[in-house]
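Engineer: Below you'll find the structure I mean.
The values are calculated or read from the model by the stated rules, or taken from the named source; none is laboratory data. Quantities reported herein were computed from a predicted structural model and do not represent experimental measurements. Neighbour counts run over all protein chains shown; Cβ positions are idealised from the backbone, glycine included.
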Amino acid sequence: MIDKATLSGIVDRMVEGGWLIKRSDEQDKRFDQAFPSEKAYDLKDKLVKERELANAELLAGFTLEERASLKRLLLRLLQEKTAQKRVIR
């Protein structure tokens, strides 16, 4: 988990780098909202293609059934982890 100070620093560096745009929340001025910049959107298609290539490479030796099982297990793991976070808070 990332603490608030660390996340704030990451967001600030992303704003400085031109990846995010920060705006005050119109309903509650105590909060800022972050939005992807045009620079970030321009990179999206390339990143999606890279992810697809990496996934294809990682799963190349798996059958269709094995891929389905892996996806099902990973989703279950994610759901259980999310449920645990709700209980802890």
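Engineer: Quick one: which residue in 30, 23 is modelled with pLDDT under 95 and in a strand (DSSP E or B)?
Structural biologist: 23
Engineer: Can you list residue pairs whose Cβ atoms sit under 7 Å apart, with the first residue in the stretch 43-69 being not assigned by TED's automatic domain parsing to the domain that holds residue 18 and the second being surrounded by 10 or more Cβ atoms within 10 Å (Cβ to Cβ) and not hydrophobic (A, V, I, L, M, F, W, C)? Count only pairs 6 or more apart in sequence or on different chains.
Structural biologist: As it stands, the answer is 59/67, since those pairs meet every condition given.
Engineer: Let me ask another. Within the stretch 1-40, which residues are exposed (fewer than 12 other Cβ atoms within 10 Å of the Cβ), basic (Lys, Arg) and in contact with a strand residue (DSSP E or B) (Cβ under 7 Å, 6 or more places away or on another chain)?
Structural biologist: Correct list: 23 only.
Engineer: Tell me which of these residue 62 doesn't satisfy, since it passes every other one: (1) more than 22 Å from the chain's Cα centre (by Cα); (2) surrounded by 10 or more Cβ atoms within 10 Å (Cβ to Cβ); (3) at pLDDT below 95.
Structural biologist: Going through (1) more than 22 Å from the chain's Cα centre (by Cα); (2) surrounded by 10 or more Cβ atoms within 10 Å (Cβ to Cβ); (3) at pLDDT below 95 one by one, residue 62 breaks only (3).
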